[in-house]
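The values are calculated or read from the model by the stated rules, or taken from the named source; none is laboratory data. It should be emphasised that the depicted structure is a prediction, and the values quoted were computed from it without experimental measurement. FYI the Cβ positions are ideal-geometry reconstructions off the backbone, even for glycines, and counts take in every protein chain you see.
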Amino acid sequence: MSRLAGKVAIITGSARGTGEEAARLFVAEGARVVVADVLEEEGRAVASDLGDAACFVRHDVTSEASWNAVVAATQERFGAPTVLVNNAGLLHIRALLETEATDVERLWRVNQLGPFLGCKAVAKAMQAAEGGSIVNVSSVDGLSAKNGLAAYSPTKWGLRGLTRVAALELGQMGIRVNAVCPEAGGPGMRREFMPENIDPMLTLALTHDVIPHNKTRPGIEIIRDIARMILFLASDESLSCTGGDYPVDAGWTAGRRLKHSPGYRPD
């Protein structure tokens, strides 16, 4: 397996969830990976499990100094980064009138400022390596919206805008920039907003009713679907792809089936 042979990747938020699955898949496909996260214990465990092809670097995506440090550490350990996955993210679920300005700022700093700083930090190193790929993990909530996401959804819409601007500007340096828009993210970020007696992993397929078989798949496989799209955009298989949005949502943003219109099939 060598779809990423020779690639050096920084994956933020890779101590758990989607980022962890992407890190594992990247190593399996031949990449060397920097597991970058503020969760030190979990991040070190992931990197240790992946062996010599991975290392852990504690990284705060909201800090420009931390970005410079993680790029330097990557170059020292593996060479110039040729892939950046801006996966680190925060979720906040509250009614708009119950959402505080501090919540909005906290999510903006991680979900939008972080990828902005990341794009800047890796650009020159990627250019020196004759190009690369940046994958920003947005959300279906950056393509449409749901109530309760006044702090979260705007950051994911904004990340899609950053993706397009970066694709236009960094393309001149041989760098492709794309956005993945999943419906179901890692259960860790959802846990605090769910009842204690419900496992977030078991809820990932609840909105996947456009494709019935997805409702019976294990939640971890739905997360791996997101990682597989990230892998595609990181690989040379997607050399003609830049500035695009790639939903991984089992048809969530395709539209709605109307029960009494032609083409509807009852369960």
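Checking each residue in region 41-73 for being buried (at least 20 other Cβ atoms within 10 Å of the Cβ) and either in contact (Cβ under 8 Å) with a residue 60 or more places away in the chain or assigned to a helix (DSSP H, G or I) (or both) picks out G43, V46, A47, L50, W67, V70, V71.
From the list A80, A88, pick out the single residue that is assigned to a loop (DSSP other than H, G, I, E, B), over 19 Å from the mean Cα position of the chain (by Cα), in contact (Cβ under 8 Å) with a residue 60 or more places away in the chain and closer than 23 Å to G132 by Cβ.
Checking each option against the conditions leaves just A80.
Please tell me if A36 is buried (at least 20 other Cβ atoms within 10 Å of the Cβ), part of a helix (DSSP H, G or I) and in contact with a helix residue (DSSP H, G or I) (Cβ under 8 Å, 6 or more places away or on another chain). No: the conditions fail for A36. Mind listing just one residue for me: the one in region 1-33 that is among the polar types (S, T, N, Q) and assigned to a loop (DSSP other than H, G, I, E, B) and, of those, surrounded by the most Cβ atoms within 10 Å (Cβ to Cβ)? Per the criteria, the residue is S14.
Scanning region 228-267 for residues that are surrounded by 15 or more Cβ atoms within 10 Å (Cβ to Cβ), farther than 30 Å from G6 by Cβ and among the hydrophobic types (A, V, I, L, M, F, W, C) returns A250, W252.
In region 159-172, is there at least one residue being within 15 Å of the chain's Cα centre (by Cα) and closer than 22 Å to R224 by Cα? Yes, because at least one residue in region 159-172 is within 15 Å of the chain's Cα centre (by Cα) and closer than 22 Å to R224 by Cα. For the subset of region 122-140 comprising residues that are assigned to a helix (DSSP H, G or I) and buried (at least 22 other Cβ atoms within 10 Å of the Cβ), which member is nearest to the chain's Cα centre (by Cα)? Of everything passing the filter in region 122-140, V140 is nearest to the chain's Cα centre (by Cα). Please tell me if F78 is touching a strand residue (DSSP E or B) at 6+ places or on another chain (Cβ under 7 Å) and among the aromatic types (F, W, Y). Judged against the criteria, F78 is a match.
So which residues in region 22-40 are of a type outside the set (F, W, Y) and either without any contact (Cβ under 8 Å) to a residue 12 or more places away in the chain or touching a strand residue (DSSP E or B) at 6+ places or on another chain (Cβ under 8 Å) (or both)? Hits for region 22-40 are A22, A23, V27, A31, R32, V33, V34, V35, A36, D37, V38, E40. Residue-level check: of (1) within 24 Å of A31 (Cβ to Cβ); (2) at pLDDT 95 or above; (3) of a type outside the set (S, T, Y), G188 misses just (2).
Here's a check for you: in region 91-109, which residue that is among the β-branched types (V, I, T) and not in a loop (DSSP other than H, G, I, E, B) is farthest from A184 (Cα to Cα)? Of everything passing the filter in region 91-109, T102 is farthest from A184 (Cα to Cα).
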